[in-house]
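The values are calculated or read from the model by the stated rules, or taken from the named source; none is laboratory data. Computed from a predicted structure; not experimentally measured. Here the Cβ positions follow ideal geometry from the backbone for every residue, glycine too, while neighbour counts run over all protein chains shown. Accessible surface areas use protein heavy atoms only, side chains included; no ligands, DNA or RNA. Shrake-Rupley method; radii C 1.70, N 1.55, O 1.52, S 1.80 Å.
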Amino acid sequence: QGLLARLSHLLLCRWTCRNCCQKCFDCSCCQTNEDEVEILGPFPAQTPAWLISRQNEDKDGDSDNTISELPPTLQDVSPDRRRSSSDTSRSSHSLTRRISSLESRRPSSPLIDIKPIEFGVIGAKKEIVQPTILRKTYTPDDYFRKFEPRLYSLDSNSDDMDSLTDEEILSKYQLGMLHFSTQYDLLHNYLIVRVIEAKDLPPPISYDGSRQDMAHSNPYVKICLLPDQKNSKQTGVKRKTQNPVFEERYTFEIPFLEAQRRTLLLTVVDFDKFSRHCVIGKVSMPLGDVDLVKGGHWWKALVPSSQNEVELGELLLSLNYLPSAGRLNVDIIRAKQLLQTDMSQGSDPFVKIQLVHGLKLTKTKKTSCMRGTIDPFYNESFSFKVPQEELENASLVFTVYGHNVKSSNDFIGRIVIGQYSTGAPESNHWRRMLSAHRTAVEQWHSLRSRQECDRVSPASLEVT
């Protein structure tokens with residue numbers, strides 16, 4: 001071979017021996033003998049020293065540290081010592097000890113993050129890897145520090161009485177017990193609630209001196225399926241008794257799957273003709289916890305209610321203003337769950353509508369009287385002459401009364417819509433009517449007491 005070929009092998013071939021300028025696999029000085037193979041066993045043969053030095057030069061700024069960390073047998077290596085089998089044995093023995101020391105550091109836990117060990121290059125710098133535990137350790141104090149004991153106290157103000165038995169509730173509050181039953185009719189798709197009786201109800205509490213009989217209550221029961229409290233039902237009033245027997249049956253048209261998501265709420269109320277009715281106690285039972293198809297009877301102890309007084313009822317109204325004619329049209333559609341004013345036959349409710357300009361009463365109209373009901377349907381229309389320039393100073397006062405033949409009519413509830421509205425819902429209804437000319441605007445309104453209306457609306461003080 002010529003000189004040019006040797007130079008090309010030397011410059012281009014990575015595996016060219018520098019001593020004889022031949023390929024390493026043809027060079028006699030780079031060949032391993034049988035003794036080296038027996039000593040090294042399954043591990044690879046020793047890499048030539050000139051290859052180690054070239055690889056160390058390729059690393060930026062690491063060559064000095066690498067040479068200092070190499071074993072003594074590899075720092076002063078020469079061709080004569082590389083060819084001796086005794087030196088190779090010492091180098092192989094050093095490699096074996098280094099491998100065994102690295103294997104002894106390998107952790108046995110699968111949660112330790114460690115890099116794989118490479119055995120290809122003997123003289124390369126080995127980075128010492130510290131095991132990193134992936135799982136974060138916590139002390140017992142870290143867990144209990146997040147707890148708030150007040151949320152788990154039985155003395156909290158919540159109405160959750162699941163931890164107490166009926167006997168414990170009865171002895172703690174002494175509000176009496178209620179007997180009722182439930183069953184679902186799959187054929188007709190409605191829930192049947194039967195209010196049977198109550199016993200040991202407490203005597204009434206006097207808030208004023210107008211009570212005629214302070215020894216006995218006049219109880220009745222209101223039934224609803226939470227969260228819907230608007231569509232409730234009500235039993236008759238039982239006069240002067242602490243152990244009333246109702247024996248009344250009510251149905252709720254509701255799908256079976258929806259009924260299982262509801263909670264039955266039974267509220268025992270004391271009827272008072274001269275003031276607002278007082279809540280004695282309540283019983284709540286999630287319907288998903290019982291077998292509705294099979295049905296059952298329960299005696300449940302009454303617990304205190306956060307609502308001391310019952311609602312006065314709701315009124316559905318429709319307002320419409322015609323600017324060209326200057327007419328304000330009012331439709332009284334219906335009312336529901338009005339406060340019962342007659343102990344024997346419910347109520348005889350009617351609605352009085354009064355138009356107030358500024359602080360002056362100008363017009364009064366009223367609906368017909370619906371006999372013996374607390375959910376009356378009226379569907380009656382009224383029209384008031386109101387010029388457009390006076391509309392912003394107008395107020396409509398709606399008052400619901402219970403008709404009474406023997407004495408003055410019983411006040412049930414009131415709202416004011418217009419300039420002196422009694423609340424945000426009433427103001428919102430008036431604004432919607434003003435922005436939608438010639439279009440009827442309907443809205444439900446919750447009735448308020450006379451004292452509340454007089455306190456917030458000057459128009460309420462101008463009417464009787």
Exercise. What is the total of Lys pairs in the range 314-462 with C-alpha atoms under 22 Å apart, excluding same-chain pairs fewer than 8 positions apart?
Worked result: 14
Seminar exercise, completed: One finds, for Val293 and Glu452 with R0 = 45 angstrom and r their Cβ-Cβ distance, a FRET efficiency to the nearest 0.05 of 0.50
For this session: For an R0 of 22 angstrom, estimate the FRET efficiency from the Cβ-Cβ distance between Phe256 and Asp228 and round to the nearest 0.05.
Result: 0.85
Exercise. Once phi is turned into θ = phi - 60°, what whole-Hz ³J(HN,Hα) does the Karplus curve with 6.51, -1.76 and 1.60 give for every residue of the range 187-194, x standing for Gly and Pro?
Worked result: 6, 10, 6, 8, 9, 9, 10, 10
Seminar exercise, completed: So Ser163 and Ala5, fully extended at 0.36 nm per residue minus their Cα-Cα distance, gain in nm 47.2 nm
For this session: Return the carbon/sulfur percentage of the accessible area of the range 231-351, one whole number, probe 1.4 Å, all protein chains in place.
Result: 46 percent
Exercise. Which FRET efficiency value, to the nearest 0.05, is calculated for Glu247 and Lys366 with the Förster distance at 45 angstrom and r the Cβ-Cβ distance?
Worked result: 0.75
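Order of 442-452, 403-413 by packing, highest average Cβ count within 10 Å first? Can you show the working numbers first?
Numbers: 442-452: 16.0, 403-413: 14.0.
Packing proxy ranking, top to bottom: 442-452, 403-413.
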Problem set entry | Full-extension gain in nm, Ser306 to Leu322, via 0.36 nm per residue minus C-alpha separation | 1.3 nm
Problem set entry | Simple spin-label estimate for Ser408 and Asn393 in nanometres, 7 Å along Cα-Cβ | 3.0 nm
Exercise. How long are the three semi-axes of the equivalent ellipsoid of the range 314-462, in whole Å, if each is the root of 5 times an eigenvalue of the C-alpha gyration tensor, listed from largest down?
Worked result: 26, 16, 13
